[in-house]
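Remarks on the structure that follows.
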Amino acid sequence: MYSREMVRPKLHDLDSEQLLWLFADLRRESIAVGSYPIMVRYLESMIRMAEASARMSLREYVRADDIDLTISVAIESFVNAQKMSIKKSPRRMREPPPSYYYF
């Protein structure tokens, strides 16, 4: 309860730029492969995750290890989403198009 009410970690500009570049790369990659799109909420989630990691340690500022943890979780999540997208795409390709049933 103390950390929730009293600790408000701040993110440095350099760290926020690092998360912004990661977001841009992930978004570009998701568009290129045609899978689930990465939205701005993903960036907001990464910022909250970094702040939450710092809050658990009762720190005033987000450190590099908080950013590293956030990046690893974000990349793992992105890769798993890509796997799910790939698993679903062959099923769609095997099913005949809807116009097939009208002939």
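The values are calculated or read from the model by the stated rules, or taken from the named source; none is laboratory data. All values reported here derive from a predicted model rather than from experimental measurement. Virtual Cβ from ideal backbone geometry, glycine too; neighbours counted across all protein chains shown.
Applying the criterion of being closer than 18 Å to S77 by Cα and free of Cβ contacts under 8 Å to residues at least 12 places away in the same chain to the residues of the range 46-64, the residue that is farthest from the chain's Cα centre (by Cα) is A52. Within the range 17-65, if we keep just the residues that are of a type in the set (V, I, T) and in contact with a Pro (Cβ under 9 Å, 6 or more places away or on another chain), the residue that is surrounded by the fewest Cβ atoms within 10 Å (Cβ to Cβ) turns out to be I31. When the range 1-44 is filtered for residues that are over 20 Å from V73 (Cα atoms), aliphatic (A, V, I, L, M) and in contact (Cβ under 8 Å) with a residue 40 or more places away in the chain, the ones remaining, listed by number, are V7, V33.
Among residues belonging to the range 66-101 that are hydrophobic (A, V, I, L, M, F, W, C) and surrounded by fewer than 14 Cβ atoms within 10 Å (Cβ to Cβ), point out the one that is modelled with the lowest pLDDT.
Here the answer is M93.
Checking A32, A50 one by one, the residue that is under 18 Å from V7 (Cα atoms) and either part of a helix (DSSP H, G or I) or at pLDDT below 90 (or both) is A50 and no other.
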